[in-house]
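As structure tokens, the structure follows; a few thoughts come after it.
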Amino acid sequence: MKELPQKYAVIGWPVEHSVSPQMHNAAFKACGINAEYERIPTPPERLSETVEKLRREGYSGWNATVPHKENILPLLDNLDSKAELAGSVNTVIASEGQLIGFSTDGYGLEKALYEAFQTNIKDSSLVFIGAGGATRATAVHFAFQGVKRLTIINRTLEKAQKLCDLINSSVNHPVATPYPIDTPDEWQADILSADVIIQGTSMGLKLTDPLPLPEEMLEKDMCIYDMIYKKTPLLQKAKEKNCRIADGRGMLLHQGAGSFELWTGRKAPVEEMRKTLDELLKSA
Ligand code: ATR
């Protein structure tokens with residue numbers, strides 16, 4: 001008798017735009033794994049009910065995306081320590097009815113920065129613009145990877161301060177410093193000496209959005225990474241100024257590869273997954 005495929009999914013709201021199903025189905029196919037990955041639109045008020053349904057129906061694992069990465073934590077049975085500290089889960093493994101939460105976002109960004117700029121996180125100086133969920137999940141990972149300096153610039157200073165406190169209390173010596181975004185004079189020196197500047201706000205989703213930092217700060221050969229996976233106004237301007245640039249698709253790819261490896265225990269077919277993503281996002 002033919003075996004039923006293992007079931008995987010992404011839960012989010014909205015989730016129609018997610019390219020994870022195509023990326024993971026391509027990966028399963030390339031590895032000859034009998035599995036199917038689907039989108040499950042999940043409004044916030046139905047998160048708990050959906051998690052129980054996935055557990056009951058024997059899903060092997062799933063991804064959680066916006067707006068569930070934080071709220072899913074209390075619904076799980078176990079958490080990886082870094083995901084617990086960051087308060088963010090994007091990958092769930094369901095094993096014998098037990099749900100375990102992980103975050104592969106930091107791993108994904110680490111790989112993406114290496115591919116784009118050959119950055120080794122250990123001993124590097126990084127600037128994050130934004131202190132929301134995307135920054136929290138990745139900056140905590142970098143702190144554990146031995147980053148030398150983290151500068152976190154945010155519109156709401158208290159949020160950056162809280163994140164820096166969390167990071168500094170979990171590593172041996174303080175590495176993170178918060179700044180308010182509206183006082184560029186205070187953080188310009190950190191920008192100029194950074195190995196990479198990482199854009200982690202939602203500014204840039206719309207082509208009419210303002211730049212998150214003054215245009216004059218962009219200098220030739222600076223490395224600018226935008227977690228948004230299209231050519232944002234920041235990336236366009238940075239390119240004009242001969243900066244080195246990369247958009248968020250590398251992070252999307254490698255966080256997916258990280259999830260795949262957690263679920264299957266096998267090496268992810270990264271090039272197959274990249275090909276699928278590039279095809280889907282070629283007009284982004
Ligand atoms: P995500 O989970 O995608 O990171 P989020 O947690 O809502 O989303 O965070 C959005 C980030 O974009 C925050 O850092 C937010 O700044 P605040 O913490 O001050 O809200 C930032 N952001 C959004 N719109 C912005 C704007 N117009 N100017 C500056 N920062 C903005």
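The values are calculated or read from the model by the stated rules, or taken from the named source; none is laboratory data. Owing to the predicted nature of the structure, the values given are computational and were not obtained by experimental measurement. Please note: Cβ atoms are built from the backbone with ideal geometry, for glycine as well, and neighbour counts cover all protein chains shown. Only protein heavy atoms, including side chains, enter the accessible area calculation; ligands, DNA and RNA are left aside. Shrake-Rupley method; radii C 1.70, N 1.55, O 1.52, S 1.80 Å.
Lysine pair count for the stretch 106-247 (Cα-Cα distance under 16 Å; residues 8 or more apart in sequence or on different chains): 11. Compared with the dominant Cα axis of the chain, that is its longest principal axis, helix 270-280 is turned about 80°. Angle, helix 249-264 long axis vs. longest principal axis of the chain, Cα atoms, 0 to 90°, nearest 10? In the chain, helix 249-264 runs at an angle near 40 degrees to the longest axis. What does the charge count around T104 come to, taking other residues whose C-beta lies under 12 Å from its C-beta (Lys +1, Arg +1, Asp -1, Glu -1)? So the environment of T104 carries a net charge of -1.
Considering only the other residues whose Cβ falls under 13 Å of the Cβ of R39, what net charge follows from Lys and Arg at +1 and Asp and Glu at -1? Its environment carries a net charge of -2. Just to be sure I understand: if I project the alpha-carbon convex hull of the chain onto a plane and average over all orientations, what area do I get in nm²? So the Cα hull casts an average projection of 15.2 nm². Here the chain has 50 percent of its accessible surface on carbon and sulfur atoms, given a 1.4 Å probe and all protein chains in place. Taking all Cα-Cα distances within the stretch 106-247, those exceeding 21 Å account for 35%. The sum of -39500 (n - 2.57) across all DSSP H runs of n ≥ 4, divided by the residue count of the chain, sets its helix-only mean residue ellipticity at 222 nm to -11500 deg cm²/dmol. Seen against the Cα atoms of the chain and their longest principal axis, helix 133-144 is set at about 80 degrees. Applying the criteria of a DSSP loop state and at most 16 other Cβ atoms within 10 Å to the GluC sites (Glu not before Pro) of the stretch 12-60 yields E16, E57.
Over the stretch 41-111, what number does the Rg to Rh ratio reach, with both radii from the alpha-carbon atoms and Rh per Kirkwood? List each step's numbers first, then the result.
On the way: Rg = 11.6 Å, Rh = 12.2 Å.
Rounded to two decimals, Rg/Rh equals 0.95.
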